[in-house]
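The block underneath contains the structure these notes are about, expressed in structure tokens.
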Amino acid sequence: MPSALVPVVLIVGVLIVQFLVQLGLRNRFAYQCPNCGNEFNPSPLSMVIAPHRLGGRKYTRCPGCGVRAWAQPVAKAR
């Protein structure tokens with residue numbers, strides 16, 4: 001394998017693993033908008049690319065009010 005492809009393969013591999021992890025977390029957690037209190041599930045792709053902080057907060061747009069804010073994870077009832 002040419003040495004130029006190694007970083008590309010590694011980056012793609014990490015993104016695929018991250019996508020699968022976020023897909024699994026989506027089944028356990030919803031996110032709550034700090035502006036309107038709406039609970040929502042972002043798409044796995046938006047969860048991978050959204051900035052995040054310790055504690056699981058994601059900077060994403062609420063589908064209810066349309067505001068971009070740091071949404072707090074909320075455990076789903078089982």
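Side notes on the structure shown:
- Annotation for the stretch 4-11: no member residue is touching a residue at least 24 places away in the same chain (Cβ under 8 Å) and either over 9 Å from the mean Cα position of the chain (by Cα) or more than 15 Å from Lys76 (Cβ to Cβ) (or both).
- Members of the stretch 54-78 that are under 19 Å from Val17 (Cα atoms) and either in a loop (DSSP other than H, G, I, E, B) or more than 11 Å from the chain's Cα centre (by Cα) (or both): Gly56
- Residue count, the stretch 53-78 (criterion: surrounded by fewer than 16 Cβ atoms within 10 Å (Cβ to Cβ), closer than 22 Å to Val14 by Cα and of a type outside the set (D, E, K, R)): 4
- Within the stretch 50-78, residues that are more than 17 Å from Arg28 (Cα to Cα) reach partners that are β-branched (Val, Ile, Thr) and assigned to a loop (DSSP other than H, G, I, E, B) with beta carbons closer than 9 Å, at six or more positions or on different chains, in the pairs Arg61/Val67.
A short reminder: the numbers here are calculations on the coordinates, not readings from a lab. All values reported here derive from a predicted model rather than from experimental measurement. Neighbour counts run over all protein chains shown; Cβ positions are idealised from the backbone, glycine included.
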